[in-house]
Every structure is written in structure tokens, then in C-alpha cells.
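As C-alpha cells, the structure follows; a few thoughts come after it.
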Amino acid sequence: MAHINAVNTLKGHYLTIDEVKKNEKIRKIIEKSDQCLEVIGYTEHGTRHCSLAAHIAHNIMLRLGKSEHRAQLASIAAYMHDMGNVVNRDFHAQVAAVMAYQLLSEMEMLQEDILEVVAAIGNHDEKDGQPISDICAAVILADKSDVHRSRVRNLDTIKQDIHDRVNYAATSSFLRVEEEKKTIALEIKIDTSISSVMEYFEIFLSRMIVCRRAAEFLGMKFELEINGYKLL
């Protein structure tokens, strides 16, 4: 019997995003990561951002005709992608990947699924990553499309901090996936009385470039629309 249990543990089983969200360790790490970023002045990267990214990544995969299983893996990777911020903002993607490997192994996830999630997380950041799978591409697009005023923690910083100002100016953002047209479009509404469109490009150009790469990996064209005008 012991031998059978060991084999089952090695094989593992399918995990869903709902099971991952219920994991107390993972939830606490995400919350602490967000607290660390708050101290150094970053926008919200907590359960709100991670849950939204997970939802968007799942939708991207399904809209592109991927299986529910791969959509679940993308959702899990998107939910766990920012955990590394609990250690340091630098190399947070790689740190999160290592943490995810251990946490998902503890949950007895299938080894091949763990590796898909780890690879996606480790390559999601625009500074040192690039799309290496459909799951990773979905995580990149989901992560970078979350531009919204609800991420701003302190309204007093809007005038001094360009990141807070641009995020607060974004009154809505939506990632539109149209498989028939082969396009993935990020549609944003910006209150230009708060921040200019030029400021958006000033801080987010590198993110838009990695979004384009992610869309191209998926066989799609990336488009950016701000206030009804197509800019990319």
C-alpha cells in the first residue's frame, strides 16, 4: 500500500484555480507580497490584481480555443505570478516560479503541469522574460492589461508619482480577444485631465512591446486603443 501511495504522489493530480485560491499559504504570501510593495510605493499587487489576472488569463485561453485544462494552468500561473515580491521586487518572477514549484508540489499537482506553470511565471516580466508557451503569453497579457484607478493606494501621490497618476487616470480597461480577426486589443479609457496619453506610453511602452510579443506567439496581432483611438 505504501508503494502505491508513493506512486500516486509522484503522479499527482489535476489542480484547479479554485483549489489554489483556497490554499492558505499561497493567499498569505500574496498578501504579504502586496504589503511589501506598498511600503516601497508600488500600486496594488494583491489578491485583487492576482484574481483578476487569473480570470483574464483563463478567458484568453478559452477564447483562443485552448482546452479547459490549459486554461486552468494559465489561471493558476496568473494568480501566483507576483508572489516573488515578498522577497524583492528585482527578479520577482524567477523567485515566484521557485516558490510556485514548491507550493504546487506540496499540493501534489502533476509534475508536467507544475513545470508549465513555473515556466510561465518565470517569464512573465517584461524586463527579463518573454513568452515561451501559450500559457505564458496569456499570463503576460492578463498581467499587463490591468491598468485601473482602483490599483492606486494613496490619492495624495497622484501629482508626484507618474505610475499612480496614469493608473488613476485609467477609468476602465478591457482586453478584447477576437479569434476570427486574429486580434487581441487592449481598450483603455483615460481621463486626460489627470494624465496624458503620452504619459501612459512613457511608463508602459515596454509592457506594450511584451504584449505584442505575447500576442504574436499566440498567432494574433496586438492592438492598443485609448479613448476610442487605435494607437497600435
**Message:** Could you list, ordered by first residue, the pairs with Cβ atoms under 7 Å in which the first is in the range 193-219 and more than 13 Å from residue 231 (Cβ to Cβ) and in contact (Cβ under 8 Å) with a residue 24 or more places away in the chain and the second is acidic (Asp, Glu) and open to solvent by less than 50 Å² (accessible area, probe 1.4 Å), at least 6 apart or interchain?
**Reply:** 206/126; 207/126; 210/126; 218/134
**Request:** Would you check if residue 25 is surrounded by fewer than 24 Cβ atoms within 10 Å (Cβ to Cβ) and within 18 Å of the chain's Cα centre (by Cα)?
**Result:** no
**Request:** Find all pairs meeting these conditions: Cβ atoms under 8 angstrom apart; at least six residues apart or on different chains; first residue within the range 165-181 and closer than 16 Å to residue 221 by Cα; second residue of a type outside the set (Asp, Glu) and loosely packed, with under 13 Cβ neighbours inside 10 Å.
**Result:** 179/65
**Asked** Which condition number in (1) part of a loop (DSSP other than H, G, I, E, B); (2) among the hydroxyl-bearing types (Ser, Thr, Tyr); (3) surrounded by fewer than 16 Cβ atoms within 10 Å (Cβ to Cβ) is the one that residue 150 fails?
**Response** (1)
**Message:** List the residue pairs whose Cβ atoms are under 6 Å apart, where the first residue sits in the range 129-141 and is within 18 Å of residue 69 (Cα to Cα), the second is open to solvent by less than 10 Å² (accessible area, probe 1.4 Å) and β-branched (Val, Ile, Thr), and the two are 6 or more positions apart or on different chains.
**Reply:** 138/60
**Prompt:** So residue 65 clears everything in (1) surrounded by fewer than 16 Cβ atoms within 10 Å (Cβ to Cβ); (2) among the small types (Gly, Ala, Ser); (3) modelled with pLDDT under 95 except one condition, right? Which one?
**Reply:** (3)
**Request:** Would you be able to tell me the number of residues in the range 77-102 that are open to solvent by 50 Å² or more (accessible area, probe 1.4 Å) and charged (D, E, K, R)?
**Result:** 1
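For residues in the range 213-228 being assigned to a strand (DSSP E or B) and open to solvent by 40 Å² or more (accessible area, probe 1.4 Å), which is farthest from residue 149 (Cα to Cα)? Working first, answer last.
Initially, the range 213-228 is screened for residues assigned to a strand (DSSP E or B), giving 221-226.
Subset that is open to solvent by 40 Å² or more (accessible area, probe 1.4 Å): 221, 225.
Working: 221: 27, 225: 18 Å.
Once the filter is applied, the top-ranked residue is 221.
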**Qualifying residue in the range 198-212 (condition: more than 14 Å from residue 56 (Cβ to Cβ), in contact with a Phe, Trp or Tyr (Cβ under 8 Å, 6 or more places away or on another chain) and open to solvent by 70 Å² or more (accessible area, probe 1.4 Å))** = yes
**Asked** Are there any pairs, at least 6 apart or on different chains, whose C-beta atoms fall under 9 Å, with the first in the range 98-119 and under 18 Å from residue 29 (Cα atoms) and the second surrounded by 15 or more Cβ atoms within 10 Å (Cβ to Cβ) and polar (S, T, N, Q), and if so, which?
**Response** 103/23; 106/23; 107/23
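This table checks each residue for (1) in a helix (DSSP H, G or I); (2) of a type in the set (A, V, I, L, M, F, W, C); (3) within 21 Å of the chain's Cα centre (by Cα).
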site	(1), (2), (3)
130	no, no, yes
138	yes, yes, yes
177	no, yes, yes
205	yes, yes, yes
**Prompt:** Being over 22 Å from residue 55 (Cβ atoms), touching a helix residue (DSSP H, G or I) at 6+ places or on another chain (Cβ under 8 Å), open to solvent by 10 Å² or more (accessible area, probe 1.4 Å) and not aliphatic (A, V, I, L, M), is that true of even one residue in the range 130-147?
**Reply:** yes
**Which listed residue, of 112, 116, 108, is open to solvent by 20 Å² or more (accessible area, probe 1.4 Å), at pLDDT 95 or above, of a type in the set (Asp, Glu) and touching a Gly at 6+ places or on another chain (Cβ under 7 Å)** = 108
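If I filter the range 165-175 for residues that are among the aliphatic types (A, V, I, L, M), open to solvent by 10 Å² or more (accessible area, probe 1.4 Å) and farther than 20 Å from residue 66 by Cα, do I get at least one hit?
Within the range 165-175, not a single residue is among the aliphatic types (A, V, I, L, M), open to solvent by 10 Å² or more (accessible area, probe 1.4 Å) and farther than 20 Å from residue 66 by Cα.
The values are calculated or read from the model by the stated rules, or taken from the named source; none is laboratory data. None of these values were measured; they are calculated from a predicted model. In this analysis, Cβ positions are derived from the backbone assuming ideal geometry, glycine residues included, and neighbour counts consider all displayed protein chains. Only protein heavy atoms, including side chains, enter the accessible area calculation; ligands, DNA and RNA are left aside. Shrake-Rupley method; radii C 1.70, N 1.55, O 1.52, S 1.80 Å.
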